[in-house]
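The values are calculated or read from the model by the stated rules, or taken from the named source; none is laboratory data. If you're wondering where the values come from, they're calculated on a predicted model, not measured in any experiment. Because the Cβ atoms are built from the backbone with ideal geometry, glycine has one as well, and the counts that use them run over all protein chains shown.
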Amino acid sequence: MRYAYYTLAFVVVLLLSVMGFRGMVSTRPPIEVFPDMDHQAKYKPQAESKFFADGRADRPIPAGAVPFARDAVHADPAFLKADDFHYDGKLPDGTFGRGFPAGIEVTRDFVLRGQGRFMIYCAPCHGQLGDGNGITKSYGMLTTPTYHDDRIRGMAEGEIFNTITHGKNTMMSYADKLAPDDRWAVVAYVRALQRAAHGSLNDVPLEQRGGLK
């Protein structure tokens, strides 16, 4: 029984030792039982260094160095944007551009690429037809717009690209999932969906009209 008293006394002393000093000012750093590599021997940006003669930790860029960015297929070159329209959907005056950037050729394969990306990332909310009737609508998301209303049909391609890049309202950004050229491919497929939804018999070649019902 006495061991129980000893244990209780030890716990009380321990609690008083730890809790009794809460709120007191101390010049000593706090005790870190698990520092988790919080303190590392490293230089911070623009810090001083006694190792180099100029006293700077940052080193000058070597003469002839060339800025580097991976291509659009593998990464978004956020730090090297030579073409604002290509990477932001905007023209030099800040307005959204129409059409597609130079270097983007809208081919059948390009549109099919956009269809594949669309089915993965866009169709769950916007529906396979772009009419806003995706699977998420069954779970209460009722505000997904249709691509086929006049507002979005008249929207500049650059603005659609910018929305994919940065998101809008409840839509998240897809810049971390779709490379810039893939975003433009999705824009091309959205235009194809809009064109198909407002098509007429006159859009069908004569030799293929016989198979229509």
Residues satisfying the stated conditions in the stretch 156-213, i.e. over 16 Å from Arg117 (Cβ atoms), modelled with pLDDT of 85 or more and not in a loop (DSSP other than H, G, I, E, B): Gly158, Glu159, Asn162, His166, Lys168, Gln194, Arg195, Ala196, Ala197
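Residue-by-condition table, conditions (1) surrounded by 10 or more Cβ atoms within 10 Å (Cβ to Cβ); (2) modelled with pLDDT of 80 or more:
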| position | (1), (2) |
| --- | --- |
| Arg2 | no, no |
| Leu8 | yes, yes |
| Leu16 | yes, no |
| Pro35 | no, no |
| Ala41 | no, yes |
| Glu48 | yes, yes |
| Ala57 | yes, yes |
| Val73 | no, no |
| Asp84 | yes, yes |
Test: residue in the stretch 132-151 that is small (Gly, Ala, Ser) and in contact with a Ser or Thr (Cβ under 9 Å, 6 or more places away or on another chain): yes
Qualifying residue in the stretch 131-140 (condition: out of contact with any helix residue (DSSP H, G or I) (no Cβ under 6 Å at 6 or more places or on another chain), farther than 24 Å from His198 by Cα and of a type in the set (Asp, Glu)): no
Residues of the stretch 89-138 satisfying the condition of being crowded, with 16+ Cβ neighbours inside 10 Å, assigned to a helix (DSSP H, G or I) and among the charged types (D, E, K, R): Arg113, Arg117, Lys137
Long-range neighbours under 7 Å by Cβ, at least six apart or interchain, first residue touching a residue at least 24 places away in the same chain (Cβ under 8 Å) and aliphatic (A, V, I, L, M) within the stretch 82-108, second surrounded by 18 or more Cβ atoms within 10 Å (Cβ to Cβ) and in a loop (DSSP other than H, G, I, E, B): Leu91/Gly97; Val106/Phe100
Verdict on Leu142 being crowded, with 16+ Cβ neighbours inside 10 Å and in a loop (DSSP other than H, G, I, E, B): no
